[in-house]
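K.L.:
One structure coming up, written as structure tokens, with questions to follow.
The values are calculated or read from the model by the stated rules, or taken from the named source; none is laboratory data. What you see is a predicted model, and the numbers here were worked out from it, not measured in a lab. Using ideal geometry, Cβ is built from the backbone for each residue, glycine included, and neighbour counts are taken over all protein chains shown. Only protein heavy atoms, including side chains, enter the accessible area calculation; ligands, DNA and RNA are left aside. Shrake-Rupley method; radii C 1.70, N 1.55, O 1.52, S 1.80 Å.
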Amino acid sequence: MDKLQILRKISQTAVFIKFILSGSYVLMLIGLMDKFMLSGFAGKNFIIIFLAVIVLTLIFGRVYCGWLCPWGFLFELSYILRVKLFKLKKLPELPENIHNKLIYLKYIVLFLFIIITVFQLNLYALLGLSKNAMALVVLTVFTIISFFNPRAFCKYFCPVGALLSILSIKPLFKLKLNNNCVRCKLCERKCPMQIKLTNDVNQKECVRCFECKSACKKDAIDFKI
């Protein structure tokens, strides 16, 4: 594990512990959406944090997903557990034709939450669940799913991820392959978002976990303007 990965793990762990101790609803099913979209503006401090995430995303891409999201942290632990238990050399993947369709599902989820917001519908009442019950159910289900398919919620279902993906189409800092690349595809084997880096780095799907950089033996991956 290189210094960048160590720094990321420290960031993820610190944020996760903070939200656990504070009982923050960032751990809820829809995270930022729960506070910003469904509950209206949730105070000056939250608006500042929300805007900071937007600015970070425009500059660096989906760093929130890879470095700060408490849910992403749990889902990551789940697939890492499987890697360790079964000594996997390559992360599990869905067939490309299925994966390439499913990644658009999160935009449908985002659209549904926008509709819920516009019409001021109470999602929890509609489903007959409390916030805590819904969070527990979804968190449990997707933690289990992530054991078999890394970050499945992040790739296919997360409305926050969908919003940040839209903002990450052309970030200031991009992940790119340089001339050192020998197309060994070690980076692709370690990518939890199933990005085919040797074809083209999909900036809006990349969560900036930098597992690819850690896996590369040729220093062939740059992250710069």
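K.L.:
Residues that are modelled with pLDDT of 90 or more, over 18 Å from Pro159 (Cα atoms) and surrounded by fewer than 12 Cβ atoms within 10 Å (Cβ to Cβ): does region 67-85 have at least one?
P.N.:
Looking for residues that are modelled with pLDDT of 90 or more, over 18 Å from Pro159 (Cα atoms) and surrounded by fewer than 12 Cβ atoms within 10 Å (Cβ to Cβ), one finds at least one in region 67-85, hence yes.
K.L.:
Same structure again: Within region 183-197, which residues are open to solvent by less than 90 Å² (accessible area, probe 1.4 Å), more than 13 Å from Asp222 (Cα to Cα) and not in a helix (DSSP H, G or I)?
P.N.:
Hits for region 183-197 are Cys184, Cys191, Pro192, Met193, Gln194, Ile195, Lys196.
K.L.:
Then there's this: Collect the residues in region 86-96 that are among the aliphatic types (A, V, I, L, M) and open to solvent by 50 Å² or more (accessible area, probe 1.4 Å), keeping them in residue-number order. Quick ask: steps written out before the conclusion?
P.N.:
Step one: list which residues in region 86-96 are among the aliphatic types (A, V, I, L, M), which gives 88, 91, 94.
Scanning region 86-96 gives a single hit, Leu94.
K.L.:
Could you please give the count of residues in region 168-179 that are part of a loop (DSSP other than H, G, I, E, B) and open to solvent by less than 80 Å² (accessible area, probe 1.4 Å)?
P.N.:
Residues in region 168-179 being part of a loop (DSSP other than H, G, I, E, B) and open to solvent by less than 80 Å² (accessible area, probe 1.4 Å): 4 in total.
K.L.:
For Phe50, are the conditions met, namely being surrounded by fewer than 17 Cβ atoms within 10 Å (Cβ to Cβ), within 23 Å of Leu139 (Cα to Cα) and in contact with a Phe, Trp or Tyr (Cβ under 7 Å, 6 or more places away or on another chain)?
P.N.:
When the stated conditions are applied, Phe50 passes them.
K.L.:
Continuing with the same structure: All but one of (1) at pLDDT below 95; (2) assigned to a helix (DSSP H, G or I); (3) open to solvent by 50 Å² or more (accessible area, probe 1.4 Å); (4) out of contact with any helix residue (DSSP H, G or I) (no Cβ under 7 Å at 6 or more places or on another chain) hold for Phe36; state the number of the condition that does not hold.
P.N.:
Failing condition for Phe36: (4).
K.L.:
Here is a follow-up. Looking at (1) open to solvent by 50 Å² or more (accessible area, probe 1.4 Å); (2) in a helix (DSSP H, G or I); (3) among the hydrophobic types (A, V, I, L, M, F, W, C), can you tell me which one Leu139 breaks?
P.N.:
Result: Leu139 fails condition (1) only.
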